[in-house]
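What follows is a set of notes on a single structure, which appears directly below.
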Amino acid sequence: MWAGKALAMAALLCCALGCGGDSSQMAHKKKTIQNAGSDTLVNVAQAWAEDYALVEPEVSVEVSGGGSGTGLAALTAGTVDIANSSRHATQAEIERARQNTGKEPVEFTVGYDALAIFVHPSNPMEEITIAQIAEIYAEHGKATHWAQLGVRLPGKRGDKIIRVSRQSNSGTYHFFREAILGKTADFRLGSLDLHGSKDVVELIARTPNAIGYSGMGYATHEVKMLRVATKPGEKAIIPCVESTMNGSYPIARPLLMYTLGEPAAHVRAYLQWIYSATGQAILAKSGYVPAPKEQHPQWNADAKETP
Amino acid sequence: MTERGRGEIITEWLIESVIRLCGISAIVFVFGIFFFVFREGGSVLFQDFKFGEFFFSTSWYPSSPSNVRYGVLALIVGTFSVTALAMVIAVPFGIGAAIFVSEFCGHKLRETLKIVIEILAAIPSVVWGFIGLTVLNPLIIRLFDAPIGLNVLNGGIILALMSVPIIVSIGEDALKAVPDSYREAGLALGATRWQLVYRVLLPAAKNGLLAAALLGVARAVGETMAVLMATGHAINIPGSLLDPVRTLTATIAAELGEAPVHSAHYRVLFVIGILLFLITTAVNLTADLVIRGIRRK
């Protein structure tokens, strides 16, 4: 974030110095949009920022990650224009934004993500139920070895389950806790709390005993995605675009962007572009699911009519 | 004449005060940090802070939706287990290398070794962490058939490699400080080189070597990024060297960004900072007193 700020300052300074005498160009000072938050969204946000630089060279978007909590904390402090989040803002965060800035955070659903459960390819398991995941991750859960889930791991490493989780400011962490363990339950301590969606997948690829969760966009051929069943006996569903859209995959969530109050004109133009066919195609290419038309903000439809 | 003299006096005074300021600034900074950490964390200490839970509970649930708990026992055990293993590896290696560099090797080899050791000390900690994550992790899984390679062993090896350079350079200074007359006397009595090291140099340089080891400990306790990556960052009382752990420093690094400023979680993280500050101050102070011990002799 600091680096981004410093860069923006440097860019402004260069511009001011470079065209000091020319007042007509001064008016075209480059605008910046500060954008921080969710690690789940950071790759897409980066791709958006890069492509938007070609569409609108007058606006530069500075993207940084750090987790949904970090992004929302920066938004409530008024230091970013857009916070990316893979969970809804909490009442406390909305309250803090009101106190600090007098403005209300405004939420935009820019797409959807399915949270995939990953294991090592050598693991014979193919599907898992929500209850089984809870047994593995919950504070009073009992599953500590793969044999308890009826799985025999190859090799002689023993079959201790290595739980891979996320650091506690991650939106993925909070969403997973709510979706799997329930609103008030806690994780069991002793999981490996990694600092990024990609790190989780990379560690599982190197650890035969591991299980972990990450956005399905982070899947690689080095890990195996499990099919997930809501209840034992029900059909287990693989996370994909269709199963997320039709709601059959049980662990899916919205991807959100927050602004403080109604966005300023240049921020609003950026959000409009994100909702455009081009913006949504970039999101889809990163492995996420585009937001359905009826969830696009109202002013987006208005803008479409005027050329 | 008088004009010039006055100019000189003013310049003199100016330079003197600038230098004095530089000297005092170190003290100012240390007290400034001390003050800041205590101001941020201190207030929570006097408002029904649960010392029992803090020191004796392993439940660290700072963002629990229903039952927030701040127990750092597992983190303290994590820090000490990794540090202890690092010292078990680094002290014999470091002191051995110091003896070799100072007593046994030729001039050319010594200069080369010193440069290499300095390079070792200059490797950024995030690079060490990266080595732990990508090189040691699969190696430990393969060698020990461990379920996970990010554990006490991994963190201990990485920390040992990081503290060896400090131990070597301070240890070598301590051995150098032993007067040559001791060596000459030993050799004159017919001692072999090994006997000279074992019976004369080590006892004579005892305090300096101890100080070297203690400064290595301080380095290991305070290290953050490398252990964050290499230990697995799991809140866990380790049952063996192959269990993952989490350290005090890594917890602060991972969680301070998320904690809203002045919230309870934020303040407790600063209390952990105070705890770390006290540990490293105690270790450094001991090392300092030990070194003073030699000088007085």
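The values are calculated or read from the model by the stated rules, or taken from the named source; none is laboratory data. Keep in mind that this is a model prediction, so the values were computed, not measured. When we count neighbours, we look across all protein chains shown, and the Cβ atoms used for this are built from the backbone with ideal geometry, even at glycine. Calculation scope for accessible area: heavy atoms of the full protein, side chains included, ligands and nucleic acids excluded. Shrake-Rupley method; radii C 1.70, N 1.55, O 1.52, S 1.80 Å.
How much of the accessible area of chain B, in percent, comes from carbon and sulfur atoms when a 1.4 Å probe is used? Could you put the intermediate results ahead of the total?
On the way: 10890 of 15560 Å².
Accessible surface attributable to carbon and sulfur in chain B totals 70 percent.
Once you list every other residue whose beta carbon is under 14 Å from the beta carbon of B:R142, what net charge do they have if Lys and Arg are +1 and Asp and Glu are -1? Before the final figure, lay out the partial values.
Numbers: positive: A:K156, A:R157, A:R206; negative: B:D145.
That works out to +2.
For chain B, what is the calculated [θ] at 222 nm in deg cm²/dmol (nearest 500), taking -39500 (n - 2.57) for each run of four or more DSSP H residues and dividing by its residue count? Could you put the intermediate results ahead of the total?
Details: 12 runs with 206 residues, N = 297.
So the calculated ellipticity at 222 nm is -23500 deg cm²/dmol.
Per 5 Å bin, what percent of the C-alpha pairs of the range B:141-297 does each bin hold, from zero upward?
All Cα pairs, binned at 5 Å, distribute as 2, 9, 13, 14, 14, 12, 11, 9, 7, 5, 3, 1, 1, 0 percent.
Most fluctuating residue of B:M225, B:M162, B:M87 in a GNM of chain B with Cα springs under 10 Å: which is it?
Among B:M225, B:M162, B:M87, the largest mean-square fluctuation in the Gaussian network model of chain B belongs to B:M225.
Loop sites only, by DSSP: take the trypsin sites (Lys or Arg not before Pro) in chain A that have at most 10 other C-beta atoms within 10 Å and name the longest stretch containing none of them. Please list the in-between numbers first.
On the way: sites that count: A:K142, A:R152, A:K156, A:K183, A:K235.
After excluding every exposed loop site, the longest remaining stretch is A:1-141.
Can you tally the net charge around A:G65? Count Lys and Arg as +1, Asp and Glu as -1, for every other residue whose Cβ sits under 11 Å from the Cβ of A:G65.
Numbers: positive: A:K198; negative: A:D39.
Result for the local shell: 0.
Just counting partner chain Cβ atoms within 10 Å, what average do the residues of peptide A:165-176 show around their Cβ? Provide the component values of the computation, followed by the final result.
Numbers: counts 2, 0, 9, 10, 7, 1, 0, 0, 1, 2, 0, 0.
Average per residue, whole number: 3.
Long-range amide H contacts for B:H233: which residues qualify at under 5 Å (H placed 1.01 Å from N, peptide plane, sequence gap of 5 or more or a different chain)?
Under 5 Å from the amide H of B:H233: B:V245.
DSSP H helices in chain A with Cα extent of 20 Å or more along the helix axis and mean Kyte-Doolittle hydropathy at least -0.5?
Taking the DSSP H segments of chain A (at least 20 Å long, mean hydropathy at least -0.5), we get A:2-18, A:39-55.
Find the relative contact order for the range A:47-150 and round it to a whole percent, using C-alpha pairs within less than 8 Å whose residues are 6+ positions apart. The partial results should precede the final answer.
Details: 62 pairs, mean separation 13.3, N = 104.
Computed value for the range A:47-150: 13 percent relative contact order.
In a GNM of chain B with a 10 Å cut-off on Cα contacts, which of B:I27, B:I235, B:I252 has the highest mean-square fluctuation?
In this elastic network of chain B, the residue with the biggest mean-square fluctuation among B:I27, B:I235, B:I252 is B:I27.
What is the set of long-range amide H partners of A:S60 at a cut-off below 5 Å, with H atoms built 1.01 Å from backbone N?
A:K31, A:T32, A:I33
Would you mind giving the mean number of other chain beta-carbons within 10 Å of the Cβ of each residue in A:191-199, as a whole number?
Details: counts 6, 11, 11, 7, 5, 0, 0, 0, 2.
Averaged over the peptide's residues, the number is 5.
Taking the C-alpha atoms of the protein assembly as shown, how large are the radius of gyration and the largest Cα-Cα span, Dmax, in Å?
For the protein assembly as shown, the Cα radius of gyration and maximum Cα-Cα distance read 29.1, 104 Å.
With each run of n ≥ 4 DSSP H residues scored as -39500 (n - 2.57), what mean residue ellipticity at 222 nm is computed for chain A after dividing by its residue count and rounding to the nearest 500 deg cm²/dmol?
Values: 12 runs with 115 residues, N = 307.
The helix-only estimate for chain A comes to -11000 deg cm²/dmol at 222 nm.
Suppose all protein chains stay in the model; what accessible area per residue would a 1.4 Å probe give for the protein assembly as shown, in Å²? Before the final figure, lay out each step's value.
Working: 29240 Å² over 604 residues.
About 48 Å² of surface per residue is accessible.
Diagonalise the Cα gyration tensor of chain A and give the resulting equivalent ellipsoid semi-axes, square root of 5 times each eigenvalue, largest first, whole Å.
Values: eigenvalues 319, 76, 67 Å².
Over the Cα atoms of chain A, the ellipsoid semi-axes are 40, 19, 18 Å.
Just grab the label-to-label distance for A:Q148 and A:E234, each label 7 Å out from Cα along the Cβ direction, in nm (one decimal).
2.3 nm
Just to verify a number: FRET efficiency for B:F93 and A:A265, C-beta to C-beta distance, R0 = 56 Å, to 0.05? Numbers along the way, then the final one.
Details: r = 63 Å, r/R0 = 1.13.
After rounding, the FRET efficiency stands at 0.35.
Considering chain B as a Gaussian network with a 10 Å cut-off on Cα pairs, which listed residue, B:T134, B:T11, B:T79, attains the greatest mean-square fluctuation?
B:T11
Karplus couplings for the range B:85-96 from phi (6.51 cos²θ - 1.76 cosθ + 1.60, θ = phi - 60°), rounded to Hz, Gly and Pro as x?
Karplus-based 3J(HN,Hα) across the range B:85-96 equals 4, 4, 6, 4, 7, 6, 5, x, 5, x, 5, x Hz.
Remind me, relative contact order of chain B in percent, using alpha carbon pairs under 8 angstrom and six or more residues apart?
Numbers: 386 pairs, mean separation 73.0, N = 297.
RCO, chain B: 25 percent.
For the pair A:S248 and A:R98, what calculated FRET efficiency results from E = 1/(1 + (r/R0)^6), where r is the Cβ-Cβ distance and R0 = 51 Å, to the nearest 0.05? Walk me through the numbers before you get to the answer.
Values: r = 38 Å, r/R0 = 0.74.
E(calc), rounded to 0.05, equals 0.85.
All other residues with a Cβ under 14 Å from the Cβ of A:G217 taken together, and with Lys, Arg as +1 and Asp, Glu as -1, what is their net charge? It would help to have the intermediate numbers written out before the result.
Values: positive: A:K198, A:R253, A:K285; negative: A:D39, A:D113.
Once positives and negatives cancel, what remains is +1.
Want the number for B:T286 to B:I33: 0.36 nm per residue separation, take away the alpha-carbon distance, what's left?
On the way: separation 253, 0.36 × 253 = 91.08 nm, distance 2.06 nm.
Length gained between B:T286 and B:I33: 89.0 nm.
What FRET efficiency do you get for A:V55 and B:L202 if R0 is 45 Å and r is their Cβ-Cβ distance, rounded to the nearest 0.05?
On the way: r = 71 Å, r/R0 = 1.58.
So, using R0 = 45 Å, E works out to roughly 0.05.
Distance between the C-alpha centers of the range A:102-151 and the range B:127-205? Whole Å please.
Each part reduced to its Cα centre gives a spacing of 44 Å.
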